[in-house]
Amino acid sequence: MFSQLQPVATDPILGLMAAYQQDPNPHKIDLGVGVYKDEQGHTAVLKCVKKAEALRLAKEDSKTYIGMAGDLNFNQHIEQLAFGKEHPALLAGRLTTAHTPGGTGALRVAAEFIKRANPSATIWVTTPTWANHISLFQAAGLTVKEYSYYDYNSKGLLEEQMFAELAHVEPGDVVLLHACCHNPSGLDLTFAQWQRFTQLAKERGFTPLVDMAYQGFGVGLDEDTAGLRHLAAEVPELILCSSCSKNFGLYRERIGACTLLTEHSKAAETARSVLLSVVRSIYSMPPAHGAIIVSHILDSQELTALWHQELAEMRNRINDYRQLIVDKFKAEGIVQDFSFITRQHGMFSFLGINKAQIDRLRDEFSIYMVGSSRVSIAGLNHSNIDYFAKSVATVLK
């Protein structure tokens, strides 16, 4: 049986990681992988996480299963974090959540749930979107189509084209939207555009699927969910997939959540039974460690305050480097306008340079980025940003 298999192409980002690791150049820079790094180029464990882990070790008295929905305290915290403690949907009992193995696990659970709810549904994703979105949904047997989003020329939103295309989405289809810090473009919707999207969802009868992998990395914890909260207050149904990888730094713990918003509390009970059946058929029950760490942090005023501080430090460092990139490029005499970088949010941005220039940066200067020119801002620090700016200036001449 195995002899019939054909090799599968390496994921471009994973291939980039391997090439970077093998590069002997001491000045090499990795701008490909979407992982937060500090000034030393290290993805450190947050202080609040260290404290919560000590608390977990002291309190844990069993390794038994935690159930298909996962840690219920964590689920409640995630709902409140995403929607706010006083959101009408939460107060009305219209939300149900299962904690999942990472944000990717949440998306796969959502895909299987959609397949059971409406096997003929098409999922619409932004052009471009996170590279794994399409394969995740297709693996569940769903049809995936794209709608216009990012304008590579203006570095802005293709607003009219986007809404014109979404106006033809069929009732019962699903439209994926990034809550904040759009990956890979860094371009987010304004609140007015969220309002417009909400109105269209109500008119057309499609179901929004909001992917929120970066809450707190854009403007702030509440600010990054303003569009989501407005949407959830207006539409009858919604799916939210969230992740704690970035904002809690819990990448390898694989902790996320899939939340369903239903039309009323009775429907939430039915949806929950289907959601848990999906979970049972994929991985049965999620791991506990990451979820309980998050719960310990959010159960404690002291640890929550420390988390807010550390999250703000990560967010501010990325935002500062967005401005610093523009300033350094100007200082190197680059005349091309890169000011759009400062108007984006999160870890990613397209530089907008061509493939030949991307190849030169890799081959001559050991600067690694994916072929779309998407860069991870967090890969820059004070020890390499001058080298980066000079290298870009050289290939742009």
Accessible area of TYR152 in the full protein assembly, 1.4 Å probe (Å², nearest 10): 110 Å²
Taking amide hydrogens as modeled 1.01 Å from N in the peptide plane, which residues meet the under 5 Å criterion relative to ALA44, leaving out close sequence neighbours? ASP38
What percent antiparallel are the DSSP beta bridges of segment 99-252, to the nearest 5? 5 percent
Going residue by residue through segment 289-305, the Karplus relation 6.51 cos²θ - 1.76 cosθ + 1.60 with θ = phi - 60° gives ³J(HN,Hα) values, rounded to whole Hz and with x marking Gly or Pro, of 4, x, 5, 6, 4, 4, 4, 4, 5, 7, 7, 10, 4, 5, 6, 5, 4
Which ³J(HN,Hα) values, rounded to whole Hz and listed in residue order, are derived for segment 321-338 from phi using the Karplus coefficients 6.51, -1.76 and 1.60 in 6.51 cos²θ - 1.76 cosθ + 1.60 with θ = phi - 60°, glycine and proline given as x? 6, 4, 5, 5, 4, 4, 5, 5, 4, 4, 5, 8, x, 6, 8, 4, 7, 10
Any lysines with Cα under 19 Å of the LYS59 Cα? List them, leaving off those in the same chain fewer than 8 positions away. LYS47, LYS50, LYS51
Pseudo-spin-label distance HIS168 to ASP61, built 7 Å along Cα→Cβ, given in nm, is 6.2 nm
Over segment 65-299, what relative contact order in percent results from Cα pairs under 8 Å that are six or more residues apart? 31 percent
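Using only Cα atoms, figure out Rg for segment 246-300 and give it as a multiple of 2.2 N^0.38 Å. Spell out each step's value before the answer.
On the way: Rg = 13.8 Å, N = 55, 2.2 N^0.38 = 10.1 Å.
After normalising by residue count via 2.2 N^0.38 Å, the value is 1.37.
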Taking a crude spin-label model, label points 7 Å out from Cα along the C-beta direction, the GLU313 to ALA117 distance in nm is 4.0 nm
Taking alpha-carbon centroids only, segment 12-31 lies from segment 179-203 a number of Å equal to 34 Å
Probe 1.4 Å, heavy atoms of protein chains only: per residue, the accessible area of segment 350-397 in Å² is 39 Å²
Cα Rg, Dmax (largest Cα-Cα span) when computed across segment 1-151, Å: 20.6, 58
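Given a 1.4 Å probe and every protein chain left where it sits, what share in percent of the accessible area of the chain is carbon and sulfur? Write out the running numbers ahead of the final one.
Numbers: 9290 of 17710 Å².
Looking at the chain in its full context, I get 52 percent from C and S.
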So how exposed is ILE123, as accessible area in Å² (1.4 Å probe, rounded to 10)? 0 Å²
Ranking LEU240, LEU221 from most to least accessible area with a 1.4 Å probe gives LEU221, LEU240
Working note, segment 238-397: Cα radius of gyration (Å, one decimal) and Dmax (Å, whole number) are 21.4, 63
How many Lys pairs in segment 65-299 lie less than 30 angstrom apart by Cα atoms, where the lysines are 8 or more positions apart or on different chains? 13
For HIS382 paired with GLU234, estimate the spin-label separation in nm (one decimal), with each label point 7 Å from Cα along the Cα-to-Cβ line. 4.5 nm
With a 1.4 Å probe and all protein chains left in place, how much accessible area per residue does segment 73-185 have, in Å²? 37 Å²
Would you mind working out the accessible area per residue for segment 1-53, using a 1.4 Å probe, and quoting it in Å²? 70 Å²
How much of the pair distance distribution for segment 65-299 lies past 27 Å, counting alpha-carbon pairs only, in percent? 27 percent
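For ALA44 and ALA131 in one chain, what is 0.36 nm times their gap in residues minus the Cα-Cα distance, to one decimal in nm?
On the way: separation 87, 0.36 × 87 = 31.32 nm, distance 2.55 nm.
That pair, ALA44 and ALA131, stretches by 28.8 nm at full extension.
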A correct Karplus calculation of ³J(HN,Hα) over segment 340-347, with 6.51 cos²θ - 1.76 cosθ + 1.60, θ = phi - 60°, whole Hz and x for Gly and Pro, returns 4, 4, 6, 9, 9, 10, x, 7
Sequence-distant residues sharing a close amide H with ILE367 (under 5 Å, placed H): ILE29, ARG362
I'd like the distance between the alpha-carbon centres of segment 293-367 and segment 118-134, rounded to an integer number of Å. 26 Å
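Calculated FRET efficiency, GLN76 and ARG280, Cβ-Cβ r, R0 22 Å, to nearest 0.05? Could the numbers behind the result be given before it?
Working: r = 21 Å, r/R0 = 0.97.
Approximately 0.55, to the nearest 0.05.
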ASP71 long-range amide H proximity, modeled H, under 5 Å: HIS99
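Counting alpha carbon pairs within less than 8 Å and at least 6 residues apart, what relative contact order, in whole percent, applies to the chain? Intermediate values should be presented prior to the final figure.
On the way: 688 pairs, mean separation 105.2, N = 397.
That works out to 26 percent.
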With a Förster distance of 22 angstrom and the Cβ-Cβ distance between GLN193 and ASP327, calculated FRET efficiency to the nearest 0.05 equals 0.15
Diffusion coefficient, µm² s⁻¹, Stokes-Einstein with Kirkwood Rh over alpha-carbon pairs of the chain at 10 °C and 1.306 mPa s: 72 µm²/s
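The values are calculated or read from the model by the stated rules, or taken from the named source; none is laboratory data. All of these numbers come straight from a predicted model, not from anything done at the bench. Because the Cβ atoms are built from the backbone with ideal geometry, glycine has one as well, and the counts that use them run over all protein chains shown. With ligands, DNA and RNA removed, areas are computed over all heavy atoms of the protein, side chains included. Shrake-Rupley method; radii C 1.70, N 1.55, O 1.52, S 1.80 Å.
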